[in-house]
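See below for the structure under consideration.
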Amino acid sequence: MAVTVYKGITYARYRRFESAVPEPFVPGVSEFADNGCFCPQTESRLSSLLKEGKHKMNIEEGRLCLSVYVPDGCHGRLPVMVWIHGGAYLCGGSEDPRYSADRLAHTGKVIVVRISYRLGVSGYLWLPEKGIANLGLKDQQLALDWIYRNISHFGGDPRNITLFGQSAGAHSIAALIACSTERPLFQKAILQSPPLGITITPKEASKITDAFIKALGKDIYEAGIDDILAAQKAVSNMKTGMTFMPVIPDNTAIPQSVSASGIRVVVGYNAQDSSIFVRSAIGDRLYKLFGRPMERLFTARIFSGPVKKYLHRLRECGLQADGYKIYWHPKGNPLRSCHCIELPFLFGSFKDWVMADMLQGMTEEEFETNSHILLEAWTQFARDGYFKGGKII
């Protein structure tokens, strides 16, 4: 595809448990050809669902990077789409090869930027009295500021930026909106399956931090990263859902500055968003017997119910907000329309995703049809703010 990719651009550097410092950008530099780094992390809980490849994961502490996809042959300022990856705030990365945005950029004639941010303890340890609070969220804010200031050098329009993310990435967007004190550095947002039913209080976060420090048994600045991750894993079951996440009073709040900004928002979920989590928790045998009522309950509590309330709140604040629901799934697949099922239709290729459990039974023709629908819906919204809503696929 006719797309130029600038990979692994360092947008900031950081010292452990300190706010990141922006990295100067030099326009005209063209040697960004290597994949950037992944932030330190543990193994994905959804590796079986996604059948993650054995690609080399360049783990690096201290550097934050992003990649920019620019469609060739386009003129004028192009719409910009900024991707925030999911992974329960514990894993994943924008440099995952399956998140290749060639199709998205080429088909929609948009510039796509994928950003990284600190995960787990590194990004969400809660010691506000020492200035350690929501560092991963601050990384995302810093990336957005970098994009706003520099995207014009790639042909992008800083006045037409759409933020989009899935799962923890979508949850991040809600948090970015909730904690905005000024007009946001984006004009539109798409939140894909945000687990808005999962929250955390400062008291809960403090207990987890205390347990982590006890499990680590060393100074947090002097310990090796492997020790950090081991202690993180030791406390990962202290809270159902996401143990480490942004700590804000209300992640569905809409500040006055956001209400006045007139941003447009799309929020949606998948019909059986929780199926993979239920199966993982109770095992295949029990899932076949009791899985359906449990997944209906948890999908309603964590995804669909809170999404509908969030849409109502956005509209009450005067913002244009549309909802969607994805029903499609491969015929006969027991996971049905599960968490992450829309990702292959936006990123990568049929070959990249064909082995994933959630897509078993899918034909290549179905893949191409679904991909066409989602790419057009997402990029049209990025271009002009139009979104039909309702059932997508």
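Plugging the Kirkwood radius over Cα pairs into Stokes-Einstein for the range 95-138, at a temperature of 25 °C and a viscosity of 0.890 mPa s, what D comes out in µm²/s?
Values: Rh = 12.7 Å.
Taking Rh from Cα pairs, D becomes 193 µm²/s.
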Q: Starting from 0 in steps of 5 Å, tell me what percent of the Cα-Cα pairs of the range 67-201 lands in each bin.
A: 2, 10, 20, 23, 20, 13, 7, 3, 1, 0, 0
Q: Mind computing the radius of gyration and Dmax over the alpha-carbon atoms of the range 276-393? Å is fine for both.
A: 16.2, 48
Q) Hey, any idea what % of the range 352-393's accessible area is carbon plus sulfur with a 1.4 Å probe? A) 51 percent
Q | Accessible heavy-atom area order of 6, 117, 14, highest first, probe of 1.4 Å | A | 6, 14, 117
Q) Roughly what % of Cα-Cα distances in the chain sit above 41 Å, to the whole percent? A) 8 percent
Q. Most mobile of 197, 131, 268 per a Gaussian network model of the chain (Cα springs, under 10 Å)?
A. 131
**Q.** residue 259 accessible area, 1.4 Å probe, all protein chains in place, Å² to nearest 10
**A.** 30 Å²
Q: Taking amide H positions as placed in the peptide plane 1.01 Å from N, state which residues far from residue 247 in sequence (5 or more) or on other chains have amide H under 5 Å from it.
A: 134
Q) Lys/Arg Cβ at +1, Asp/Glu Cβ at -1, dipole of the chain taken about the Cα centre: which of 83, 73, 176 is farthest positive-ward? A) 176
Q. If you roll a 1.4 Å probe over the range 181-274 with all protein chains in place, what percent of the accessible area is carbon or sulfur?
A. 50 percent
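Where a ≥ b ≥ c are the square roots of the eigenvalues of the C-alpha gyration tensor, would you call the range 181-301 rounded, which needs a/c under 1.5, or, failing that, prolate if a/b is larger than b/c, or oblate? Could you put the intermediate results ahead of the total?
Details: a/c = 2.49, a/b = 1.08, b/c = 2.30.
It comes out oblate by the Cα gyration axes.
So how strong a dipole does the chain carry about its Cα centre when Lys and Arg Cβ are +1 and Asp and Glu Cβ are -1, to the nearest 20 debye?
With Lys and Arg at +1 and Asp and Glu at -1, about 1040 debye.
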Q: Would you grab the residues whose amide H sits under 5 Å from the one on residue 81? Only those 5+ places off in sequence or on another chain, please, with H modelled 1.01 Å from N.
A: 111, 112, 113, 162
Q: Return one whole number: the accessible area per residue of the chain in Å², for a 1.4 Å probe.
A: 42 Å²
Q) Quick one: ranking 145, 96 by accessible area, 1.4 Å probe, largest first, what do you get? A) 145, 96
Q) Of 106, 153, 372, which is the most mobile in a GNM of the chain whose springs link Cα atoms less than 10 angstrom apart? A) 153
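The values are calculated or read from the model by the stated rules, or taken from the named source; none is laboratory data. Remember, predicted model here, so these are calculated numbers, not experimental data. Note that each Cβ is placed from the backbone with ideal geometry, even for glycine, and that neighbours are counted across all protein chains shown. What goes into the accessible areas is simple: the full protein's heavy atoms, side chains included, and nothing from ligands, DNA or RNA. Shrake-Rupley method; radii C 1.70, N 1.55, O 1.52, S 1.80 Å.
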